[in-house]
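J.: Sharing a structure below in structure tokens format, with a few things to ask.
The values are calculated or read from the model by the stated rules, or taken from the named source; none is laboratory data. What you see is a predicted model, and the numbers here were worked out from it, not measured in a lab. When we count neighbours, we look across all protein chains shown, and the Cβ atoms used for this are built from the backbone with ideal geometry, even at glycine. When the accessible area is computed, the model is the full protein with side chains, heavy atoms only, and any ligands, DNA or RNA have been set aside. Shrake-Rupley method; radii C 1.70, N 1.55, O 1.52, S 1.80 Å.
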Amino acid sequence: MPSILVVDDELSMREFLKILLEKAGYQVTTAADASSAIDHIQNKDFDLVLSDIRMPGMGGLTLLEKIKEANSSIPVIMITAYASPDNAVVAMKSGAFDYITKPFKVDEITKIIRSAISATASGKTGEVAASTDSFEGIIGKSPEMLKIYNLISRIAPTPASVLIYGESGTGKELVAQAIHNLSRVSHQPFVPITCSAIPESLLESELFGHVKGAFTGAISNKIGLFELADGGSVFLDEIGELTPLIQTKLLRVLQERELKRVGDTGTIKVNVRIIAATNKNLEEEIIAGRFREDLFYRLAVVPLRVPPLRERKGDVPLLVNHFLKKYSDSMGKDVQEISSYAMQVLMDYDYPGNVRELENIIERGVALESSNIILPESLTLSAYKKGAKPAEKSSSAFISVESEEELYNRGLDEIMADIEKEMIENALAKTDNSKMRAAELLKISFRSLRYKVQKYDIK
């Protein structure tokens, strides 16, 4: 029987929770204050701690920190009669499994307790991921990914907002989907929204809806994506692209759990969990005045960084085999293997496009391969061919070179001209089209640059 420690200064609440939880099949120990709770934890192993926040002497948040210092694996659920967003943020950042306000429903608290014990029982997540090649649709079992899986399992059953950091192509949406799938609202909608994909003029209406006559073309009421996700999760990808107006409205949704349709005077209550993602450094965006600091702290209750593929090269073979099977099946081909030399080429590559780029490489390789094994000649890597590493900021002009034969057919002059043109274009882009600074960057004279710009018809 799982054992639970209940910490509350009110005798009636301790007795109520003891009776409730013992009927549910748990062993229950009670403590009237934080000091007594620490004594119990030092003398006995508990599967979960249920603690009030406001108590005489040492408060519940301080107790939470001490419990996590003693044993970070014990799930702690905080209870309070004085709901405060600030307390909720502090509790979740300090490692609380969940934050519940009084009065609460009996079935609600028992469900949360079951989720907490199940998700954290004896390193379950790591064991499952280590014995298989995937976790909730995410491929990989490197140490870096096992940490991600463990964090997903811990935060998924809570209502905490999550901010996922990671470069493009690392699989941030897969992580968001996994968080939703393991949450208590997995049966409710999961609505992914790519903020940069919706025109700025339509974004507010798409997210929050509008009423008839709100603007030209609004011929009827429209439900926004947040209303469609009510009860479930919204995944806001590329959150750093939101305009100041939308940031303000999103902050209201997070704080008040309500929104206002465009053109409407009333508000609509919504209960959605927000999972956001970005490939930008939002702290820098805050300093630059492009992102609201208060919104950042509401979104980043639990920050989660997805590592780029170059930091988890041990997962490359698993991903390669997964994509080989996927595209062999979809194309009706029998490409089941990859040569050891081709695999070494893939292991040496740094993947600026991350997992998405690797998938593209394998898809193209399967399409080009006429045998049942992927050979190096079927791999087309950006600025990279047959294991030869380029300089860090090398030109991507070799993308179009499919073979050594084509390389010599095109000739040195044509290849070098492609590279020269691309370097000039990149230098002009980096210097806001300043020919003087671009010439300095390229270490050539201004006159020479001007000639080459005309020669290659660079706009």
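J.: Taking the condition modelled with pLDDT of 90 or more, open to solvent by less than 20 Å² (accessible area, probe 1.4 Å), within 24 Å of residue 182 (Cβ to Cβ) and of a type outside the set (Val, Ile, Thr), does residue 17 pass? Before you say what the answer is, go through the steps one by one.
T.: Numbers: modelled with pLDDT of 90 or more: yes; open to solvent by less than 20 Å² (accessible area, probe 1.4 Å): yes; within 24 Å of residue 182 (Cβ to Cβ): no; of a type outside the set (Val, Ile, Thr): yes.
So residue 17 does not fit the description; no.
J.: Looking at segment 254-265, is at least one residue out of contact with any Gly (no Cβ under 9 Å at 6 or more places or on another chain) and open to solvent by less than 10 Å² (accessible area, probe 1.4 Å)? Spell out the reasoning first.
T.: Start the filter on segment 254-265 by keeping residues that are out of contact with any Gly (no Cβ under 9 Å at 6 or more places or on another chain), which leaves 254-258, 265.
If we keep only those that are open to solvent by less than 10 Å² (accessible area, probe 1.4 Å) too, we end up with none.
Scanning segment 254-265 turns up no residue that is out of contact with any Gly (no Cβ under 9 Å at 6 or more places or on another chain) and open to solvent by less than 10 Å² (accessible area, probe 1.4 Å).
Residue by residue, here is whether (1) on the phi > 0 side of the Ramachandran plot; (2) hydroxyl-bearing (Ser, Thr, Tyr); (3) open to solvent by less than 80 Å² (accessible area, probe 1.4 Å); (4) more than 38 Å from the chain's Cα centre (by Cα) holds:
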residue: 411; (1), (2), (3), (4): yes, no, yes, yes
residue: 418; (1), (2), (3), (4): no, no, yes, no
residue: 422; (1), (2), (3), (4): no, no, yes, no
residue: 433; (1), (2), (3), (4): yes, no, no, no
residue: 439; (1), (2), (3), (4): no, no, yes, yes
residue: 443; (1), (2), (3), (4): yes, no, no, yes
residue: 448; (1), (2), (3), (4): no, yes, yes, yes
residue: 454; (1), (2), (3), (4): no, no, no, yes
residue: 458; (1), (2), (3), (4): no, no, yes, yes
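J.: If a residue has to be surrounded by fewer than 19 Cβ atoms within 10 Å (Cβ to Cβ) and out of contact with any Ser or Thr (no Cβ under 9 Å at 6 or more places or on another chain) to count, how many in segment 226-235 make the cut? Steps first, answer last, please.
T.: Going through segment 226-235, the residues surrounded by fewer than 19 Cβ atoms within 10 Å (Cβ to Cβ) turn out to be 227-228, 230-232.
Okay, now just the ones that are also out of contact with any Ser or Thr (no Cβ under 9 Å at 6 or more places or on another chain), so 227-228, 230-231.
Residues in segment 226-235 being surrounded by fewer than 19 Cβ atoms within 10 Å (Cβ to Cβ) and out of contact with any Ser or Thr (no Cβ under 9 Å at 6 or more places or on another chain): 4 in total.
For every residue, the table says whether it meets (1) under 18 Å from residue 259 (Cα atoms); (2) not in a loop (DSSP other than H, G, I, E, B).
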site	(1), (2)
184	no, no
188	no, no
196	no, yes
202	yes, yes
220	no, no
227	yes, yes
230	yes, no
236	yes, yes
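J.: Follow-up question, since we're still on this one. Exactly one of (1) of a type in the set (Gly, Ala, Ser); (2) assigned to a helix (DSSP H, G or I); (3) free of Cβ contacts under 8 Å to residues at least 40 places away in the same chain is unmet by residue 178. Its number?
T.: Going through the list (1) of a type in the set (Gly, Ala, Ser); (2) assigned to a helix (DSSP H, G or I); (3) free of Cβ contacts under 8 Å to residues at least 40 places away in the same chain, residue 178 breaks only (3).
Here is a yes/no grid of residues against (1) in a loop (DSSP other than H, G, I, E, B); (2) under 15 Å from residue 59 (Cα atoms); (3) modelled with pLDDT under 75:
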residue: 78; (1), (2), (3): no, yes, no
residue: 82; (1), (2), (3): yes, yes, yes
residue: 91; (1), (2), (3): no, yes, no
residue: 99; (1), (2), (3): no, yes, no
residue: 109; (1), (2), (3): no, no, no
residue: 113; (1), (2), (3): no, no, no
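J.: Go through segment 24-64 and give me each residue that's of a type outside the set (S, T, N, Q) and exposed (fewer than 14 other Cβ atoms within 10 Å of the Cβ).
T.: Narrowing segment 24-64 to residues of a type outside the set (S, T, N, Q): 24-26, 28, 31-34, 37-41, 44-50, 52-61, 63-64.
Across segment 24-64, the qualifying residues are 25, 39, 44, 45, 56, 57.
J.: Just checking, how many residues over segment 329-354 are in contact with a strand residue (DSSP E or B) (Cβ under 7 Å, 6 or more places away or on another chain), surrounded by fewer than 18 Cβ atoms within 10 Å (Cβ to Cβ) and assigned to a loop (DSSP other than H, G, I, E, B)?
T.: Here the count works out to 1.
J.: Any residue at all in segment 200-221 that's in contact (Cβ under 8 Å) with a residue 12 or more places away in the chain, among the small types (Gly, Ala, Ser) and under 30 Å from residue 113 (Cβ atoms)?
T.: No, because not a single residue in segment 200-221 is in contact (Cβ under 8 Å) with a residue 12 or more places away in the chain, among the small types (Gly, Ala, Ser) and under 30 Å from residue 113 (Cβ atoms).
J.: Please pick out the residue among 140, 217 that is small (Gly, Ala, Ser), open to solvent by 60 Å² or more (accessible area, probe 1.4 Å) and out of contact with any Pro (no Cβ under 9 Å at 6 or more places or on another chain).
T.: Values: 140 fails: open to solvent by 60 Å² or more (accessible area, probe 1.4 Å).
Answer to the selection: 217.
J.: Select, from 12, 51, the only residue that is out of contact with any Ser or Thr (no Cβ under 9 Å at 6 or more places or on another chain), of a type in the set (Gly, Ala, Ser) and assigned to a strand (DSSP E or B). Walk me through it before giving the result.
T.: Numbers: 12 fails: assigned to a strand (DSSP E or B).
51 is the lone residue from the list that is out of contact with any Ser or Thr (no Cβ under 9 Å at 6 or more places or on another chain), of a type in the set (Gly, Ala, Ser) and assigned to a strand (DSSP E or B).
J.: Considering only segment 305-317, I want to know if a residue exists there that is more than 18 Å from residue 278 (Cα to Cα), more than 21 Å from the chain's Cα centre (by Cα) and modelled with pLDDT of 90 or more. Walk me through how you get there before you give the answer.
T.: Of segment 305-317, the ones more than 18 Å from residue 278 (Cα to Cα) are 310-317.
Then drop every residue that is not more than 21 Å from the chain's Cα centre (by Cα), which leaves 317.
After this cut, where a residue has to be modelled with pLDDT of 90 or more as well, the list is 317.
Yes, there is a match, as at least one residue in segment 305-317 is more than 18 Å from residue 278 (Cα to Cα), more than 21 Å from the chain's Cα centre (by Cα) and modelled with pLDDT of 90 or more.
J.: Which members of segment 366-382 meet the condition of being modelled with pLDDT under 90, open to solvent by less than 20 Å² (accessible area, probe 1.4 Å) and under 16 Å from residue 329 (Cα atoms)?
T.: Once the filter is applied, which keeps residues that are modelled with pLDDT under 90, open to solvent by less than 20 Å² (accessible area, probe 1.4 Å) and under 16 Å from residue 329 (Cα atoms), segment 366-382 yields 369, 374.
J.: Search segment 146-175 for residues that are farther than 16 Å from residue 277 by Cα and pair each with any residue that is charged (D, E, K, R) and part of a loop (DSSP other than H, G, I, E, B) when their beta-carbon atoms are under 6 Å apart and the residues are at least 6 apart or on different chains.
T.: As it stands, the answer is 157/184, since those pairs meet every condition given.
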